[in-house]
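Have a look at the structure below before the remarks.
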Amino acid sequence: MLQEVSQRPPAVAAAAEFLAGGGEMGRRMREKDWSRHPLGVPDQWPAPLQAALRILLASRQPLAVWWGADCALFFNDACQSLAGGDPATALGAPVPQAWLDSARLSSAATEGGEVHYALASNPIPGEHGSLGGVLCAFVDVSRVETLTRLHDLALRLGGMDSLKPSLQAILDTAVEGQGADFGLVWLLDKGSGALVVGASRNFDEQALQYFSRVIPGPAGGAAGNAFAQRRRWVIEDVDQDPGFEPFRSGAHAAGFRSIHSTPIVTRSGQLLGVISVHFRRKPRPTDLDTQIADVCARHAADALEAFEAKEALRRSEHVYRAIGESIDYGVWVCDAQGRNTYASDSFLRVVGLTQEQCAGFGWGEALHPDDRERTLAEWQRCVAEGGYWDVEFRIRGADGRSHSVLSRGVPVRDEAGEVVAWAGINLDIDRLKRVEHELRLLDRRKDEFLATLAHELRNPLAPLRNGLEVLRLSGIDSPTSDKARGMMERQLAQMVRLVDDLLDVSRVSRGRIDLRRENIELAAVLRNAIETSAPAIAERGHELVTELAAGVTVHADFTRLSQVFWNLLNNAAKYTEPGGRIEVVVRKMADEVEVAVRDNGIGIPRDMQHRVFDIFTQVDRALEKSQGGLGIGLSIAKRLVEMHGGSIRVASSGHGQGTEFAVRLPAQISAGARRRILVADDDPDSADTLALLLQTTGYDVRVAHGGQAAIDTAAEFRPEVVLLDITMPHVNGYDACRGIRALPSCQGAYIVALTGWAQDKDRRRADAAGFDRHLVKPVEPDALQRLIREMPAKEAHAPAA
C-alpha cells in the first residue's frame, strides 16, 4: 500500500490523509487529480472545507457540499443518485442549477420507485469569516409522511375498543404507506388451523371467495408461507411462483401481480395471522416498505391480544358472577373507604334491595335493627385498621324473616401495600345456627342428666359404705366374712370412682372446672400420680420404670395434672397383661416438656387410635368390663391437658405391640437455659404484651420502644433472638437490623421481622437487610413459640456482668 501511494501524483498522496474512508466517493476524491482545479491540491484546501468533507464522508445520510464562488460540488455515496450523470464528472464541478433553489423538491429513482427529497442547507464559514460554502442535507419526504401516517394510526387505535375497525385501520395504513393496491389481514382459526380473512382492502366479494381459507404451508401462497415459516414472504410475480398456483385465478380476477406478506406475531412469540399487501405491479419491497409492514403487524398483534384479553376478562367476569351466585348470599366488593360498589343478585333478592340502594352504606338498611349499630361500627373499625373482616350478623329478608349471615372479607392492596378495595362473601348460616342451638340444648340436657345421675347414685352409696364400716366394727371375723367385706369395699370404691368420672366429664365439658395454677415441680406431680396408681400396678404385678427429670417447672393445677397422669398410668395397668412393664419418661425441650407413659400391653389398632380420646370410647370391651370403667377417662385427660396449654398424642404399632401416651406441656426447664429475647416496637401496648407473653413461658425478655433503642439495648443485653417491628420512626426496622448485625456480640442472633407488610418485595427487602425470618402481623402465639423453639442453636454470647 505504501508503494502504491508513493507512485501516485503528489496531489493525490497529500489528499489521502483527511479524505480517508468514505466509500466510493471518498476513493474518487483521493484519486482525482486536483492540481488543475481552481481549489488546488487537497492539502491546500481551507480548514473549514476539510472539516466539512470529513463529516460528509462519515455520514450515511445523503449530504453534499458546494464550495467557493464556483460552487464546486462534493457529495457522499448516499447522494450519488441525486447528483445526476456520471459521479466522476460531477465531483468538483459547479452545483446543478436545480440544487441552487433550496425550496424545490428533488427526486431520485430507486429500485422500488421514486423517492422524494426536500433540500435543507446550512452555511459553512470561510477562513476569514466570509461565507465559504454550503452543507446540504437531503430529507426523505416520503419517510416523514410515513412516520406521520403511522403516528396517526397509533392515535386512532388508542380510541378504538372493537377489533374489526382496528384491523381495518391497520390494513389501510399498510396499503397506503407501501403504495399498494389491495390488502388482506389473515387470522388463524384455532379450530381448523386455517387462515381466514379478518379485514380486506379493495377486494370485491367475488375476488374474496378465492381467498376465504388458506392452509399454512408451501401451497398456501404468500400468506400460507409467511405463517408457516414465521418470516416475511414476497412473491414478485404470481404467474411465475409455483406456490401461488392455487390462487392464481383469484389474483387475475382481482388484478394484482405481486405480494408482500408479513406474519403477525405477539411480543411473547405467539403467531396470530398475516398481513398481506398486493400490487398491480411492483418489484421487491423497499426498506421503508418492510418497516411499515413490521409496524402494522405489531399493531395488529397488540390489537388481537387486547381483544383476547378483553374476551378473557369478560368470560372470567361471567364465571366470577356465576361463582358468586352459587354462594348462599353471594359476593360483595367495596372501595378503599368501605363503600359498597357491588353485591351479588342472590343477596339483593334476599334483602329486597337494588344495586343502587345497596351501594355505599345502603346495605346497612338490610341489617336486623338489633345488629345494625354493632355491625356498621365493626365494619368501620375494620376498614380503618385494614384487617380481615369475619363477622356474624342478622339481616331482614324481603320475606319478613330474620336470616343469620357469616360475612367474610379481605383488603385488596396495591404494590405499595395501600388498600384499594375490599372483597368478600356472605354465607347463609341459618341451618348451622339452628343445628348449633339444638346441639347446645342436647349437650346441656346431657350434662344435666349426668349430674342428676351422679347425684342419685351417691345417695345409695353412702349407706352401703356405712354398712360395711358397721360390719368391720362389729368384730365378726371369719375368712368368709373378711373376703366378702373386702370384695364389697373394692366394688364400692370402683363405684365411687365411676360417679366421680361422671361428674368430671360433665364439669369439664361445660367448662365448669377452674384450674388453680401455680409454678410446681413436674416431678412432684408425677410422683403423686404414681403413688395414687400404685395399688392398681402392684395388683397386676407390673414393673414400673421411671425417668423423672429434675428442675422442670410447669404452671399448672397440681391436682388436675396429677389426675391426667394417674389416668394414663391406670390405663396402662389395666390394658397390660399381668407381669408387664410400664415406663414413665420425661423429655426436656427448649420451652416444653414431654411426659411419655409407655406399656407393653395389648396395644391399640390403627383404625382406633384417632378415636381413643372420644368420650365413651373403649378399645376392648371385654377387657374394659373386666377392669371397670366407662371409657371417659382419656377424654377427661385430653381436655385437662389442653386447658393447661398442652397437647396429648397416642402411638401404637397395633395389637399386642403396647401403647405410648405422650403429654406435652409448656415448661421452664431452668433459669440458665432460658433464651434471651429482645422485643422492639414503637407501640408500647404491642411490645409490652408480647414481652409479657414470652416471659410467662419462661424467656428472659427486654423491650425497646424504637429502632435506636433496640440497637442500644442489644449492645448491652446481647440477645439470642430479636423481634423487630419495621415501621418505627427515625430508625426503622431495616436500619435497626443492620445496626444490630454490626454489633460483634449480636452477629449470631436470630432477627425476625414482625410487620404488617406482606408483599414479596417486602420479604426480599427484609432478606436484604439481614433478617432471618419475616412474619406478618398478627402472629399466632403458638406459631411464634414454635419458631423460637425450633431455631437451631447459633453462636451465643453471655450477657455482660
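The values are calculated or read from the model by the stated rules, or taken from the named source; none is laboratory data. Please read all numbers here as calculations on a predicted model, not as lab measurements. Positions of Cβ are backbone-derived with ideal geometry, glycine not excepted, and every protein chain shown enters the neighbour counts. Side chains are part of the model used for accessible areas, which takes the heavy atoms of the whole protein and leaves out ligands, DNA and RNA. Shrake-Rupley method; radii C 1.70, N 1.55, O 1.52, S 1.80 Å.
Among Val752, Gly733, Ala766, which residue has its Cα positioned farthest towards the positive end of the charge dipole of the stretch 716-773, with +1 placed on the Cβ of Lys and Arg, -1 on the Cβ of Asp and Glu, and the dipole taken about the Cα centre?
Ala766
Probe of 1.4 angstrom, ligands and nucleic acids ignored: what's the accessible area per residue over the stretch 146-194, in square angstrom?
Spelled out: the 1.4 Å probe surface of the stretch 146-194, per residue, equals 46 Å².
Just to confirm, what accessible area per residue do you get for the stretch 327-427 at 1.4 Å probe, in whole Å²?
That works out to 50 Å² for each residue.
How charged is the neighbourhood of Ala336? Take every other residue with its Cβ under 12 Å from the Cβ of Ala336, and add Lys/Arg as +1 and Asp/Glu as -1.
-1
Too long at a 21 Å Cα-Cα cut-off: which of Lys164/Lys190; Lys164/Lys310; Lys588/Lys777?
Over 21 Å Cα-Cα: Lys588/Lys777.
When Lys and Arg each count +1 and Asp and Glu each count -1, what net charge do the other residues less than 13 Å away from Val663, Cβ to Cβ, add up to?
Around Val663, the charge tally is +3.
Counting only heavy atoms of protein chains, what accessible area per residue, in Å², does the stretch 645-757 have with a probe of 1.4 Å?
41
I need the phi-derived Karplus couplings for the stretch 605-614: 6.51 cos²θ - 1.76 cosθ + 1.60, θ = phi - 60°, integer Hz, Gly and Pro marked x.
My calculation for the stretch 605-614 gives x, 4, 6, 9, 5, 7, 10, 5, 8, 6 Hz in order.
What is the percent carbon and sulfur in the accessible area of the stretch 647-747, measuring with a 1.4 Å probe over the protein chains and ignoring ligands?
The C+S portion of the solvent-accessible surface of the stretch 647-747 is 49 percent.
Roughly speaking, to the nearest percent, how much of the stretch 349-436's 1.4 Å accessible area is carbon and sulfur?
The C+S portion of the solvent-accessible surface of the stretch 349-436 is 51 percent.
Amide H to amide H, which residues 5 or more places from Tyr342 or on other chains are under 5 Å from it, using H placed in the peptide plane?
Val333
How much net charge surrounds Ile537 when only the other residues with a Cβ under 14 Å from the Cβ of Ile537 are counted, with Lys and Arg +1 and Asp and Glu -1?
-1
Could the peptides 705-717, 562-574 be put in order, highest first, of the mean number of other beta-carbon atoms found within 10 Å of their residues?
562-574, 705-717
Give the carbon-plus-sulfur fraction of the accessible surface of the stretch 221-266 in %, rounded to a whole number; probe 1.4 Å, heavy atoms of protein chains only.
The value for the stretch 221-266 is 42 percent carbon and sulfur by accessible area.
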